[in-house]
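In what follows, a structure is listed as structure tokens, so that the remarks can point back to it.
Each reported figure results from applying straightforward, stated rules to the coordinates on display, with no laboratory input. Predicted model only: the values in this text are computed from it and were never measured. Here Cβ is always computed from backbone atoms with ideal geometry, including for glycine, and neighbour counts include all displayed protein chains.
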Amino acid sequence: TWTNVPAGPPDPILGLQADQDQRKINLGVGAYRDGDGKPYVLNSVKKAEEILRASNPDKEYLPITGLPEFTKNATKLAYGVDSAPFKANAIASTQSISGTGALRIGGAFLGRFYPHSKVIYLPVPSWGNHTPIFRDSGLEVRGYRYFDKKTVGLDFEGLKEDLQKAPERSIVLLHACAHNPTGVDPTRAQWKEISDIVKEKKLFPFFDMAYQGFASGLTDRDAFAVRLFVSEGHQIALAQSFAKNMGLYGERAGAFSLTSADTEEKSRVESQLKIVIRPMYSNPPLHGARIANTILSRPELYAEWEAEVKGMADRIISMRERLYNELTKTHKTPGEWGHIKSQIGMFSFTGLTAPQTKSLAERAHIYMTADGRISMAGLNGNNIDYFAESVSRSVKG
Ligand code: LMR
């Protein structure tokens, strides 16, 4: 029966096979590692789990849109208590299977109900999963310029030109902070200009905020773009994930939301979100949402969590500094490496070529995505010297 099924390629991020060599360094997937290279369970998460265990919770089904307190607290975290739609109870929201699920619900909802367009513009490059998510949601995916290889920075002129040229009312996907894979974010002034173009062209902004807190260490600061757009009067869609900022990767805790005109419109939108979700997976998992909600709703746990997010962001920043020094001062690697320090968030877009990444895997047991993206969080005091030395050797040829 399945003789006509061709073998598919492995996933460019999750399909990376790291070997068992002692020296192996896996910088492929964006998952935080502590200073010893180990997965990290936050203390605030452990405490939340103790609180939950003590409350002897049941295992009943959640509603289709998930744990209501969780979605309320998740939207509060993103939009801020002072945002107009939050105060007006006009944010339609649902729990999701982390960020991917949120994007997929959003894609499906827009595909079904957004009356003006089926076209979504993604930055070039974007997270590798964005294209299949939106394509499989029935949208037509196009790109807008984002990254300038020459400056290893934002191609702001190209971005503006492409958004100006996009058909009116197209959907545009924006990474709220810590752009994946480039680590290059617009400045606040540039966000304001993007907001003006989006308004002028009546584009529909869909924010993916998978790294709130990971860019600067401060969740409020990282929500700048989302809050700016909302305060400028845009209606937005938003995908949130608690995988990175709470380290809840496998718990799949996330949220999707849409700002709407008022509570009545919000209820209609939510009723349709339910109809999108029910045939996909009925209702979301309990545990991750309970953990996140316990942290978000208890001031002392919230404070501890924020400090831990800052701790993760700071460790990554210190690795950037150290990698830069190793590459330039210790190993005198040819080329400009300032971007290692200036890029933001979990990733660095190193500029290494596909042949270089291949040879690093084969010769040095160092794994990264073929586009040269490394997860900075995979570097630590024990492996960074070997990494820098190997990169330097591969650049020198
Ligand atoms: C990544 O970009 O590495 C992460 O977002 C994990 C994933 O699912 O791709």
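At-a-glance table
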item: Hydrodynamic radius of the stretch 153-282 per Kirkwood, over alpha carbon pairs, in Å; result: 16.0 Å
item: Bins of 20 Å from zero: percent of alpha-carbon pairs in the chain; result: 27, 57, 15, 0
item: The stretch 1-53 shape via C-alpha gyration tensor axes, a/c threshold 1.5; result: oblate
item: Kirkwood hydrodynamic radius over Cα pairs of the stretch 75-191, then Stokes diffusion coefficient at 4 °C and 1.567 mPa s, in µm²/s; result: 83 µm²/s
item: Of the GluC sites (Glu not before Pro) in the stretch 111-200, those whose Cβ has at most 10 other Cβ within 10 Å and which sit in DSSP loop; result: 168
item: Inverse of mean 1/r across different Cα pairs in the stretch 298-397, Kirkwood, Å; result: 14.3 Å
item: Qualifying trypsin sites (Lys or Arg not before Pro) for the stretch 202-304 [loop in DSSP, other Cβ within 10 Å: at most 13]; result: 202
item: Fully extended contour minus Cα-Cα distance, from residue 221 to residue 81, at 0.36 nm per residue; result: 49.0 nm
item: Viscosity 1.306 mPa s, temperature 10 °C, Stokes-Einstein D of the stretch 274-346 from Kirkwood C-alpha radius, µm²/s; result: 99 µm²/s
item: Förster radius 35 Å - calculated FRET efficiency between residue 330 and residue 148 (Cβ-Cβ, nearest 0.05); result: 0.80
item: Volume of the Cα convex hull of the stretch 61-297, divided per residue and given in Å³; result: 112 Å³
item: Sequence-separation-based contact order of the stretch 104-195, relative, with Cα cut under 8 Å and 6+ spacing, percent; result: 30 percent
item: Cα-based helix-to-principal-axis angle, 354-364 vs the chain, degrees rounded to 10; result: 60 degrees
item: Between 0 and 90°, nearest 10: helix 98-113 axis offset from the chain longest Cα axis; result: 50 degrees
item: Cross-link pairs beyond the 32 Å C-alpha cut-off, checked among 59/244; 118/310; 150/192; 165/358; 24/192; 201/310; result: 118/310; 165/358; 24/192; 201/310
item: Separation in nanometres of the label points that stand 7 Å from Cα toward Cβ, at residue 24 and residue 113; result: 4.5 nm
item: Efficiency of FRET from Cβ geometry, residue 124 and residue 393, R₀ 41 Å, rounded to 0.05; result: 0.85
item: Net charge of Cβ neighbours under 13 Å - reference residue 164; Lys, Arg +1; Asp, Glu -1; result: -1
item: Difference of contour (0.36 nm per residue) and Cα-Cα distance, residue 386 to residue 202; result: 61.3 nm
item: Between 0 and 90°, nearest 10: helix 156-165 axis offset from the chain longest Cα axis; result: 40 degrees
item: The stretch 61-297: relative contact order as a whole-number percent, Cα under 8 Å and 6+ apart; result: 32 percent
item: Rg(Cα)/(2.2 N^0.38 Å) for the stretch 187-244, N = residue count; result: 1.13
item: Burial ranking of peptide ranges 97-108, 50-61 (average Cβ count within 10 Å, highest at the top); result: 97-108, 50-61
item: Length-normalised contact order of the chain in % [C-alpha pairs under 8 Å, at least 6 apart]; result: 27 percent
item: Residue 38/residue 165 FRET efficiency (R0 56 Å; Cβ-Cβ; nearest 0.05); result: 0.75
